[in-house]
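What follows is one structure encoded as structure tokens, with my remarks underneath.
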Amino acid sequence: MTKRAVGTIQRSAAMVLVALAALAAAEPVDAQGRGGRGGRGGRGGQPADTTGAGGAPSLVAMIARDSARSDMRVVMLRFEEDRDALARRYDVPYSPVLRERRRTFYNGWLDRLAEVDPATLNEAGRADQAALRDTIRAGLAWLDVQEREVAEMTPLVPFARTIERLQERRRDRLDVDAEEAARTLDRTRREVERLTAALAASAPEFRAMTPAIATRAREYVSSLGETLDRWHSMYDGFDPLFTWWVRKPHEELAAALEAYGAAIQQRWPG
């Protein structure tokens, strides 16, 4: 063995010894990342949680922290997760399918909530139970409001369900007939262009429309354009037949919707 090789081995051994000495001097760290000696004495005189150092956590500290929590915390989390999942699955704003599904969801939760005796809950749990009941009732009331708003906007957006059904069928994993879809978009474009011309001519069918309703309708038209784009993007470029039939009708309808929204804005500025 050469002198150079021996020197290299000696230096490596020295580095290992230094590292081992540093580890031996280091204090164990509990699960919260705090230093402690021998697993004793966390901050504030609380027992250290030494799980990360191979010991057991302080059960007294865990029980003390948990006793102040609401008995309803798991229920609240489940409600929020289910509501969010519902919104992801039914992603067409103002759709009657979405309203009906939400109404069923809220009523089901309201019935289940009535089965929970408040006397069996701690103080925080009773407060959460009351808050959840209020949230559900507010959600049901909002569905009634939205239903009235849709009825008010219908004269300006009579084509809405045609676009909404396209996305709803996609979310239901139903096959799409590309040629028929192209015809549907073309018919809808002609209807939107007719309405745009009627607005410009101050047609009597819109005399009962108020600026507030028109503003909501303009936002509705914008959301329908976004729904149309989401539907189209799922097939365009992946299905050659769909791309051939639908790309141009989609572009024309999207442009017509944008022009119609601008026409509503011009007729009822605000």
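The values are calculated or read from the model by the stated rules, or taken from the named source; none is laboratory data. What you see is a predicted model, and the numbers here were worked out from it, not measured in a lab. Using ideal geometry, Cβ is built from the backbone for each residue, glycine included, and neighbour counts are taken over all protein chains shown.
Would you please list the contacts, defined by Cβ atoms under 7 Å and residues six or more apart or on different chains, that run from a residue in segment 138-154 that is more than 15 Å from A212 (Cβ to Cβ) to a residue that is modelled with pLDDT of 95 or more and surrounded by fewer than 16 Cβ atoms within 10 Å (Cβ to Cβ)? Pairs found: L140/R103; L143/R103. Can we say V116 is within 30 Å of P204 (Cα to Cα) and among the hydrophobic types (A, V, I, L, M, F, W, C)? No: the conditions fail for V116. Of all the criteria given as (1) touching a Ser or Thr at 6+ places or on another chain (Cβ under 7 Å); (2) farther than 22 Å from S95 by Cα; (3) of a type outside the set (D, E), the one not satisfied by G261 is (2). The residue that is nearest to A254 (Cα to Cα), counting only those in segment 205-224 that are crowded, with 18+ Cβ neighbours inside 10 Å and small (G, A, S), is A217.
So in segment 225-269, with the set limited to residues that are crowded, with 19+ Cβ neighbours inside 10 Å, touching a residue at least 40 places away in the same chain (Cβ under 8 Å) and within 22 Å of the chain's Cα centre (by Cα), which one is farthest from E149 (Cα to Cα)? Per the criteria, the residue is W231. Being over 30 Å from V157 (Cβ atoms), free of Cβ contacts under 8 Å to residues at least 24 places away in the same chain and outside the structural domain of D229 (by TED's automatic domain parsing) is the requirement here; does D117 meet it? Yes: the conditions hold for D117.
Scanning segment 179-223 for residues that are within 16 Å of T162 (Cα to Cα) and among the aromatic types (F, W, Y) gives a single hit, Y220. Determine which member of the set T184, T188 is buried (at least 16 other Cβ atoms within 10 Å of the Cβ), polar (S, T, N, Q) and touching a Phe, Trp or Tyr at 6+ places or on another chain (Cβ under 7 Å). T188 is the lone residue from the list that is buried (at least 16 other Cβ atoms within 10 Å of the Cβ), polar (S, T, N, Q) and touching a Phe, Trp or Tyr at 6+ places or on another chain (Cβ under 7 Å).
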